[in-house]
Amino acid sequence: MPIRLGTGDLARYPFLNEAGEYLRQSGFGWEELDRPDMKDIIERAADRIRTGVDGSVYDKLDRYETEIITFLVTLIMVKSIGMEPALKKYALAEARRAEKFLTEDLKKQNEAQKRALFEKIFYDLFGLVIDVTEDGRLFKVKAADYLMRSSHFHEQEWKMINRLVSKGQVYLDADETVRLVRSELAVLITSRVHAMSLPPALPQAIREKADELRAALAPHYEYRAHAVTEYPPCVMHALEVMGKGENLPHSARLMLATYMLAIGKSKNEIVEMFKNAPDYNERITRYQVEHLAGTKGSRTKYSVPSCDKLRTENLCFATSDCAGIINPVQFGRRRK
Amino acid sequence: MSRNAEVIRSAFREYYFKQKSMHAPDAIDQREFGYSQFGMHGMVRHLSFKSIGELIATLVKEVPSDVYCSNALYRFPTLPMQEKQWLGADLIFDIDGKDLGLPCVPSHSYPICAACGHASPPGDGDYSCSACGGKKADRVSIPCGKCIDGSKKEARRLIDFMTEDLGVERQNIDAYFSGNNGFHFHVRDDSYRPLDSQARSDLVGYIAGIGLLAESMGVRKASGSDEAFVKFPKSGLALGWRKRVADKLKIDAASIIKLGNIAKEKGGYAGFKAELDRIAREMGARIDPQVTTDVHRVFRMPGTINSKSGLAKIKCDDLDSFDPFTDACLLGSAKVRVKMKTQVKFRLKGEHYNLSKESAELPAYAAVYLICKGLADSA
């Protein structure tokens, strides 16, 4: 039996394939957007973008016909604004809106409705199979599926060691299950906007609104300069070991060099720092630093390893000053 | 080529010519191969073979010192790294005896002077070369039975995490002796192949016991002080790491008061956290994080000889009874005369050697073992 979603589901989850199907069947066309009664929809769409870019979740929910068209208009508008950072923030806000609805649904709905949601959202959109525990309180995700997603979260509680794991399944509650796919939802929305092609003559009402929003958003995305005030403890530790003439593992050398490159030290200064190493060879060190900087060899510029990675490599010596950072380069940054 | 390299090379060639223990990895044509050569720096990489026969023919012809095969699968394995098109990588683990900090190591570590190459018997205290007075030395270890048992203990833990927690079938975890002083594990489970380096790093944390939060065990920080209070997680303590630690602390999801007392005893939230961190690392398996998180690694090829020892990287059908000094010692036994650099004790193929004379005539496998270790020269 095919799984059917109600029209309420389409209003809450307008990114579902079924919502697009509804638009096709209703014979919706671009020209309709210039009709006077669409003004309200265009206003709603602009509001939805503004709210999203501000970092909040747009929480009005109307009839499904209105929601589906509003969502489409919002995508068109974001596309014609053409600002990537604004699109990212908007997409994340849409994902958080869906997250809110999904969490409520998973807590409230009956078994069949839950199954339909799993099927349509988790499986159809993201290829994720989810099971429910016998008592219905927890959800089960395969370990590899979990790792693929959770490893991009920075909070320690998402590390698999802090989860209930057994026989290849990770156990999550409703909020956590939905949180797991939220960023993918944002990616899905971003890629839909990227893939969209705008009609050569964009309806005037949308063009005007997009111009207005673009002008209002531009000042938010000006470049902010940062200054490094002191080294993070992991880098300090590596420098101390080096200072004593002791052997520093390869992974620590990589961290030290990429960090120094990232904060703008010259290659000469960096090569000089390794002078104390017991196996120092200037020619080799210089080549390695240049390799990491992307000027020799593979031409890939290496980034500074994340705090997570340093933790697994036993190179992290975090102090309370490290709170809230996910990469050593963020340490001690003060906005000018 | 040096006389030493010639002796090793001829023993390796004979092995590759006669060997029966090399099998094609799955999807052999999507893997990158590489090898290093005697007396040369660096590695010949970006090679591809259509069949195991083709690879063996190359090994017999080139006789490399070490042979590697990628854990990754690529659409174009012979192209430069950026153009290979990564398709996924087998999940691999490395347990190395030298990383375990075993107490027996100093008793079988031979210092070799970094300045003059003079070898000395194992000794305590500060090193000073008896030939040139040099202070720096590389240390060569002749692993003992305790080293191998230490690695096996870690291996059993790793297997327990992989089967019990991660749900991988035991028969899909292939264990190999590394050819020197440890074990390699290749997991045959397609669901882990797409994982990127970050996801594998999280998995390493799980297996090694890194990053367990006090909150996961129910110990939380009271606001404004360092005192701890207990509130168990909704999902309970009945499985995985939580169960392991709960068993160790002799608590369950009803032990609110007992856990509160334990935390208090350890000095509050921070003290409990530090203790938990210590316990978890102790209970985790000591695996090399670099190996598992590298999704482009060329990893020693099963069935080939390790030039650090002349022993083979070989599959262990039964880890418990596996004896690397017999089961992985696969070179020929023609007599070879060697000049000893120092007095050495070791065991191969069930025979104990205690060589103190200046020169000795040994079966090729034993002579190669000592030359590879840098403790003897071909006479």
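Since every read-out is calculated from the coordinates, none of them should be taken as a lab result. As the structure is a prediction and not an experimental result, all values here were calculated from the model. Cβ atoms come from the backbone with ideal geometry, glycine included; neighbour counts cover every protein chain shown.
So, counting K/R as plus one and D/E as minus one, what does the shell of residues with Cβ under 12 Å around A:TYR280 add up to?
+1
For labels at A:SER56 and B:ASP138 in the simple 7 Å Cα→Cβ model, what's the distance in nm?
So the two model labels end up 6.6 nm from each other.
Of all the stretches in chain B, which is the longest one without any exposed loop site, taking GluC sites (Glu not before Pro) in a DSSP loop (any state but H, G, I, E, B) with at most 16 other Cβ atoms within 10 Å?
B:1-168
Cα centroid distance between region B:100-123 and region B:17-85, in Å?
Result: 33 Å between the Cα centres.
What is the dipole size for the protein assembly as shown, taken about its Cα centre, with +1 at each Lys and Arg Cβ and -1 at each Asp and Glu Cβ, in debye to the nearest 20?
Value, rounded to 20: 1660 debye.
Out of every Cα-Cα pair in the protein assembly as shown, what percent are more than 41 Å apart?
43
Using modelled amide H (1.01 Å from N, peptide plane; none on Pro or chain starts), what sits under 5 Å from the amide H of A:TYR280, excluding residues fewer than 5 places away?
Hits under the 5 Å cutoff: none.
Starting at 0 and stepping by 5 Å, how many percent of the alpha carbon pairs of region B:65-179 end up in each bin?
Spelled out per bin, shortest first, that is 2, 9, 14, 12, 12, 13, 11, 10, 9, 6, 2, 0.
Each residue of region B:329-334 in order: what ³J(HN,Hα) in whole Hz does its phi give by Karplus 6.51 cos²θ - 1.76 cosθ + 1.60, θ = phi - 60°, with x for Gly and Pro?
So the Karplus estimates, Gly and Pro as x, are 8, 10, 6, x, 10, 4 Hz.
From the residues A:LEU315, A:GLY294, A:ASN281, which one has its Cα farthest along the dipole of region A:277-336 in the positive direction, the dipole being from +1 and -1 charges on Cβ of Lys/Arg and Asp/Glu about the Cα centre?
Sorting the options by dipole projection puts first A:GLY294.
Using the basic label-point model (7 angstrom from Cα toward the beta carbon), what is the A:ARG24 to B:LYS61 distance in nanometres?
Label at A:ARG24, label at B:LYS61, 5.6 nm between them.
Answer with one residue from B:TYR269, B:ALA214, B:SER235: the one whose Cα lies farthest towards the positive end of the charge dipole of region B:214-283, charges on Cβ with Lys, Arg +1 and Asp, Glu -1.
Final value for the positive-end residue is B:SER235.
Run the helix sum for the protein assembly as shown: -39,500 (n - 2.57) per DSSP H stretch of 4+ residues, divided by residue count, reported at 222 nm to the nearest 500 deg cm²/dmol.
About -12000 deg cm²/dmol.
What are the ³J(HN,Hα) couplings of region A:44-60, residue after residue, when phi is run through the Karplus curve with 6.51, -1.76, 1.60 and θ = phi - 60°? Round to Hz, x for glycine and proline.
4, 4, 4, 4, 5, 5, 4, 4, x, 5, 6, x, 10, 9, 6, 10, 6
For region B:311-379, which trypsin sites (Lys or Arg not before Pro) are both in a DSSP coil and crowded by at most 12 other Cβ atoms within 10 Å?
Here the trypsin sites (Lys or Arg not before Pro) that fit, given the DSSP loop and packing criteria, are B:LYS357.
Among residues other than A:LEU33 whose Cβ falls under 11 Å from its Cβ, what is the net charge (Lys/Arg +1, Asp/Glu -1)?
Within the 11 Å Cβ shell, the charges total 0.
Would you mind pulling out the separation of the Cα centroids of region A:145-194 and region A:1-72, in Å?
The distance from the Cα centre of region A:145-194 to that of region A:1-72 comes to 27 Å.
Across region B:214-283, how many lysine pairs separated by 8 or more positions, or lying on different chains, have Cα atoms within less than 14 Å?
Here the count comes out as 9.
Full-extension gain between A:TYR302 and A:ASP40, please, as 0.36 nm times their residue separation minus the C-alpha to C-alpha distance.
89.4 nm
Would you please name the trypsin sites (Lys or Arg not before Pro) within region A:152-204 that are DSSP coil residues with at most 16 other C-beta atoms within 10 Å of their C-beta?
Here the sparse-neighbourhood loop sites are A:LYS167.
Treating the angle as unsigned and between 0 and 90°, give the value, to the nearest 10°, between the Cα long axis of helix B:52-62 and the longest Cα principal axis of chain B.
Value to nearest ten degrees: 50.
Straight distance only, please: which aspartates and glutamates reach the Cα of B:LYS339 with their own Cα at less than 13 Å, same-chain residues fewer than 8 apart left out?
The reachable aspartates and glutamates, counting only those whose Cα sits under 13 Å from B:LYS339, are B:GLU358, B:GLU361, B:ASP377.
Using alpha-carbon positions, what is the distance between the centroids of region B:175-214 and region B:275-311, in Å?
Their Cα centres are 8 Å away from one another.
If I measure Cβ to Cβ between cysteines in chain B, which ones have no partner under 4.7 Å?
So far as the 4.7 Å Cβ criterion goes, B:CYS69, B:CYS104, B:CYS144, B:CYS147, B:CYS316, B:CYS329, B:CYS372 stand without a partner in chain B.
Can you list the GluC sites (Glu not before Pro) in region A:243-301 that are in a DSSP coil and have 15 or fewer other beta carbons within 10 angstrom?
A:GLU246
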